[in-house]
Amino acid sequence: LKARRLCFQVSAALKEGHVTPTELCQRCLALIKSTKFLNAYITVAEETALKQAEESEKRYRTGQPLGVLDGIPIAVKDNFSTAGIETTCASEMLKGYIPPYSATVVQKLLDQGAVLLGKTNLDEFAMGSGSTDGVFGPVRNPWSYSRQYKEKLVPESHPEGEDSNWVITGGSSGGSAAAVSSFTCFAALGSDTGGSTRNPAAHCGVVGLKPTYGLISRHGLIPLVNSMDVPGILTRCVDDAAVVLGSLAGHDPKDSTTIQDNFKPFELPNLTDVSKLSIGIPKEYHAPGLSSEILALWSKAADLFKNAGANVIEVSLPHTHYSIVCYHVLCTAEVASNMARFDGLEYGHRSDMNKSTESMYAATRREGFNDVVRGRILSGNYFLLKQNYENYFVKAQKVRRLIANDFMKVFRSGVDILLTPTTLSDAIPYIEFIKEDNRTRSAQDDILTQAANMAGLPAISVPTALSERGLPVGLQFIGRSFQEKQLLTVAKWFENQVKFPMIELEEVKRHDHGVFQHHKSASFS
C-alpha cells in the first residue's frame with residue numbers, strides 16, 4: 001500500500017475484517033515493548049487499551065463503527081490529563097498524579113473510538129527542544145536505528161562506542177514523534193508552544209501540525225504559556241492530520257479561548273493546479289546557523305512550486321529577529337504564573353519538610369522541579385516585578401503585536417502560504433546536544449517555529465528528504481488564521497511531490513505480518 005491516507009486504509013481493513021481492533025492493539029503493544037529502548041512512552045495503558053479495543057470490536061461486529069478513528073491506536077503526550085491514567089509532565093512534581101478527568105482533546109478521540117495506548121515522554125513540563133530533560137530520561141530518535149542512518153554512519157565518529165551515536169528526537173513532544181515514527185501508533189497528540197510539535201516532527205520524519213490558536217480546546221492540557229499553547233497533531237501523512245483535526249476542532253465551553261463557530265471536518269482535495277497559489281519565502285528565515293543542506297532543500301522546494309506554476313515571491317517579516325527575545329520574556333512570565341499551582345497542597349509531590357507552611361512550599365518546589373523549570377520561574381518572576389513590568393512584559397507584548405502584524409501584512413498582500421525551514425539542521429547526536437544548556441538550545445531551535453505561536457497562526461512541518469547523514473529534514477508551511485484546509489491541501493500536494501522515504505527499522509520487520517502492511521503506509525485515513 002502507498003504511504004498515504006493510513007487512517008482510511010486501516011479503517012477499511014477493520015471494516016472488512018482483515019484485522020480486528022484487538023489484533024491491531026496487540027501488535028502495537030508488542031512493538032512498544034520491542035522498541036522500549038527508544039524511551040518514547042512514560043506509561044503504557046495496556047489494560048485500558050485492550051478494553052477499548054474490545055469495545056471497538058463489538059461495534060465493528062454490529063456494523064456500527066463510530067467513524068474513521070474507531071479502533072485506531074493513538075498515543076498522547078504526558079502533559080494532557082487522562083482520567084484514571086497517571087499524568088506526570090515528566091516531572092517529580094507530578095509523579096503518581098492520576099487526574100479525575102480527561103482533556104477535551106483526549107475525550108474527543110476516545111468518543112470517536114480511538115484506542116489510547118499510553119502517555120509519551122517529553123521535556124519536563126514541556127520546557128525544552130530535545131526531549132532530553134524529563135525525569136524519565138531522554139527519548140531516542142527511531143532514525144538512529146534505521147538502515148538509512150546506520151549505512152551512512154562513520155564508525156570512528158564517536159569513539160565512546162556504538163551506542164553513543166543515537167540522535168535526539170527534538171522536543172518537547174519527542175515521545176509522541178518517536179511513537180508515530182516507530183509505528184507503535186498511528187497518530188499522537190503533542191503540544192506546541194514555540195514549535196514543540198513541529199520540531200520533533202521534522203527530526204523524526206513525520207507530519208507535525210500546530211493548528212490556529214483557539215481552534216482546538218486547551219482544557220486539560222497542563223499549561224505552559226496559556227496565550228501560545230496549542231494541542232499539536234503528529235501523524236505519518238497530511239491526510240491523517242486532517243482526519244484527527246476534524247475530530248478535535250471546534251468550540252469547547254470549558255475553554256473560553258476556543259472559537260464560537262461550529263467546525264466542519266473536511267476531506268482534503270487532490271490539488272492538481274497550483275498556478276493560483278502565491279507562496280511567500282520570508283527572507284528573515286535565512287537565519288544564522290541554518291545548515292547549507294537545509295537551505296538547499298528550501299530553495300529546491302520553492303523551485304518545485306515555481307516550476308508547477310505557483311507564484312513564488314520573497315517576502316519580509318521585519319520583526320522576526322526580535323521574536324526569540326520577546327518569546328523568552330512572555331514565556332517565562334506565564335510559566336512563573338502557571339507553576340504557582342504546584343505547591344504540594346492539593347496534588348502532586350509534597351515535601352516532608354514540616355517546620356512551616358513556607359518551608360514546605362519551598363522544599364516541595366525545590367525537590368519537584370528540575371533546574372530548567374526553576375530557572376524559568378525565576379526569570380519570569382523577575383520580569384513581572386513591579387519595577388520591571390513595563391520595561392519587559394509590556395514591551396514584549398507590544399513587540400508580539402508587531403510580529404503578528406508582519407504576518408497580517410504579508411497575507412493581506414496576496415500571499416496564501418509561507419514556506420520556511422522547520423529546523424536549522426537535521427537531528428544531532430545526544431552527546432553533542434547536551435553540551436549546551438537547555439535555554440541556549442531552546443533559543444536556537446525555536447527560532448524558525450515560535451513566531452507562528454506568537455501570531456497564533458496554523459503551521460505544519462512536512463518531511464521532505466533525508467540529509468547526507470540519512471536523517472529526516474522537514475520544511476514548514478505557515479497559513480492564514482483558521483485556513484487549515486488551504487494549508488493542509490498545499491502541504492498534501494507538496495508531500496505527494498517529494499515522496500519522503502519510509503523508515504526501515506529492524507524491530508518493525510520482526511512484527512511485520514498482516515496489518516503492518518497497512519502500518520507501513522503512512523495513513524489510517
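For Trp493, the solvent-accessible surface with a 1.4 Å probe is about 20 Å², rounded to the nearest 10.
Distance between the pseudo-spin-label points of Leu378 and Ala340 (7 Å out from Cα toward the beta carbon): 2.0 nm. Only protein heavy atoms count here; on that basis, with a 1.4 Å probe, Glu267 has an accessible area of about 120 Å². The trypsin sites (Lys or Arg not before Pro) of the range 50-126 meeting both criteria, a DSSP state outside H, G, I, E and B (loop) and at most 16 other C-beta atoms within 10 angstrom of the site's C-beta, are Lys95.
Computed with a 1.4 Å probe over protein heavy atoms only, the accessible surface of the range 158-229 comes to 14 Å² per residue. Once you've got the Cα coordinates, tell me which of Lys276/Lys485; Lys51/Lys254; Lys108/Lys254; Lys36/Lys499; Lys95/Lys210; Lys33/Lys210 are over 18 Å apart. As for pairs spanning more than 18 Å Cα to Cα, those are Lys51/Lys254; Lys36/Lys499; Lys95/Lys210; Lys33/Lys210. Residues whose amide H lies under 5 Å from that of Ala103, counting only those 5 or more places away or on a different chain, are Ser81, Thr82, Ala83; hydrogens are built 1.01 Å from N in the peptide plane. When the helices of the chain are scored as -39500 (n - 2.57) per DSSP H run of n ≥ 4 and the total is divided over every residue, the value at 222 nm lands at -11500 deg cm²/dmol. Among Phe383, Phe80, the sequence by solvent-accessible area, most first, with a 1.4 Å probe is Phe383, Phe80. The simple spin-label model puts a point 7 Å past each Cα toward its Cβ; for Arg401 and Asn262 those points are separated by 3.6 nm. Taking amide H as placed 1.01 Å from N in the peptide plane, the amide H of Ile417 sits under 5 Å from that of Ser278, Gly280, each at least 5 places away or on another chain. Peptide packing for 15-21, 244-250 was compared via the average number of neighbouring C-beta atoms within 10 Å per residue; ordered from the highest value, the list is 244-250, 15-21. Stretched out straight at 0.36 nm per residue, the stretch from Tyr101 to Lys36 would grow longer than its current Cα-Cα span by 20.6 nm. Ranked by solvent-accessible area (1.4 Å probe, protein heavy atoms only, all chains present), the residues Thr88, Thr440 order from largest to smallest as Thr440, Thr88.
Figure note: Glu54, Glu334 ranked by solvent-accessible area, largest first, 1.4 Å probe, ligands and nucleic acids not counted: Glu54, Glu334. The H on the amide N of Thr464, modeled in the peptide plane, is under 5 Å from the matching H of Val473, Gly474, Leu475, each at least 5 residues off or on a different chain.
Does the range 363-435 come out rounded, prolate or oblate, given a ≥ b ≥ c as the square roots of the eigenvalues of its C-alpha gyration tensor, rounded meaning a/c under 1.5 and, failing that, prolate meaning a/b above b/c?
Details: a/c = 3.70, a/b = 1.27, b/c = 2.92.
Here the range 363-435 falls in the oblate category.
The values are calculated or read from the model by the stated rules, or taken from the named source; none is laboratory data. The structure presented is a predicted model; accordingly, all values stated were derived computationally and were not measured. Note that each Cβ is placed from the backbone with ideal geometry, even for glycine, and that neighbours are counted across all protein chains shown. Heavy atoms of the whole protein, side chains included, go into the accessibility calculation; ligands, DNA and RNA do not. Shrake-Rupley method; radii C 1.70, N 1.55, O 1.52, S 1.80 Å.
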